[in-house]
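This report concerns only the one structure given below.
The values are calculated or read from the model by the stated rules, or taken from the named source; none is laboratory data. Everything quoted here is computed from the prediction, not taken from an experiment. Positions of Cβ are backbone-derived with ideal geometry, glycine not excepted, and every protein chain shown enters the neighbour counts. These area figures cover heavy atoms from the full protein model, side chains too; ligands, DNA and RNA do not enter into them. Shrake-Rupley method; radii C 1.70, N 1.55, O 1.52, S 1.80 Å.
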Amino acid sequence: MKNLGAIASITHSHEKYTFRDAGFKKIIIALTAASIINFANLYFVQPITPLLARTYSVSSATAGLSISAAVISMVIGLLFFSFLSDRVGRIPIMHITLLCTLLPLAVMPLVHSFELFLVLRFIQGIFMAGLPAAAIAYISDEVDSKSVGLGITMYIAANAIGGTIGRIFV
């Protein structure tokens, strides 16, 4: 049983961060910023649903599918990226998926078909899942057990802030 300490020291090259450590603050600030961007991106279409309906000549209910497409695909992405982050690492998943979330966003203003807009939102939703799939596990990996609850709470609060910002500040 003495070897368990050696295994633990191999898997973590540093002590886990507590809420008093600068490393904890850096992690939370970075994940908070990423989360706000991610969830603002998820919900930014809600206040422009009437504009989408007019632009694409669809009903308001049909335009509302632009949120549903992203949310449904996010569920799929959560399953995929949580598994993948165990294999390739949390940080690469968060970096790659955040970048891939922004690519469909850059193309959306150029799209002339609502169906293609929905496809882009679906793709975007899959990649939006990478951050929450990896972030909670990353916090658990890097933060001391006495501080992990606070870290996860702050991250989840940032999700709500991002969703609110997306709905209000478009």
Next on the checklist: Checking the conditions here, which among Leu98, Leu103 is within 30 Å of Val58 (Cβ to Cβ) and open to solvent by 80 Å² or more (accessible area, probe 1.4 Å)?
Outcome noted: Leu103
Next on the checklist: I'd like to check something: does segment 37-54 contain any residue that is modelled with pLDDT under 95, β-branched (Val, Ile, Thr), within 26 Å of Lys146 (Cα to Cα) and in contact with a helix residue (DSSP H, G or I) (Cβ under 8 Å, 6 or more places away or on another chain)?
Outcome noted: no
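For Tyr43, indicate whether it is in contact (Cβ under 8 Å) with a residue 60 or more places away in the chain, over 21 Å from Phe169 (Cα atoms) and not small (Gly, Ala, Ser). Full working, then the answer.
Numbers: in contact (Cβ under 8 Å) with a residue 60 or more places away in the chain: yes; over 21 Å from Phe169 (Cα atoms): no; not small (Gly, Ala, Ser): yes.
Judged against the criteria, Tyr43 is not a match.
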Next on the checklist: Looking at Gly149, Gly130, Gly163, can you tell me which residue is under 30 Å from Ser57 (Cβ atoms), among the small types (Gly, Ala, Ser) and either open to solvent by 30 Å² or more (accessible area, probe 1.4 Å) or under 14 Å from the mean Cα position of the chain (by Cα) (or both)?
Outcome noted: Gly163
Checklist entry - Out of segment 71-83, which residues are surrounded by 14 or more Cβ atoms within 10 Å (Cβ to Cβ) and without any contact (Cβ under 8 Å) to a residue 12 or more places away in the chain? => result none
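Yes/no per residue for (1) acidic (Asp, Glu); (2) within 16 Å of the chain's Cα centre (by Cα); (3) closer than 18 Å to Gly162 by Cβ; (4) not in a helix (DSSP H, G or I):
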{"site": "Phe24", "(1), (2), (3), (4)": "no, no, no, no"}
{"site": "Ile29", "(1), (2), (3), (4)": "no, yes, yes, no"}
{"site": "Thr32", "(1), (2), (3), (4)": "no, yes, yes, no"}
{"site": "Ala53", "(1), (2), (3), (4)": "no, no, no, no"}
{"site": "Ala61", "(1), (2), (3), (4)": "no, no, no, no"}
{"site": "Phe80", "(1), (2), (3), (4)": "no, yes, no, no"}
{"site": "Cys100", "(1), (2), (3), (4)": "no, yes, yes, no"}
{"site": "Leu103", "(1), (2), (3), (4)": "no, yes, no, no"}
{"site": "Glu115", "(1), (2), (3), (4)": "yes, no, no, no"}
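Can you tell which of Arg121, Arg87 is of a type in the set (Lys, Arg), farther than 13 Å from Ala34 by Cβ and open to solvent by less than 10 Å² (accessible area, probe 1.4 Å)? Outline the logic, then answer.
Details: Arg87 fails: open to solvent by less than 10 Å² (accessible area, probe 1.4 Å).
Matching residue, one of Arg121, Arg87: Arg121.
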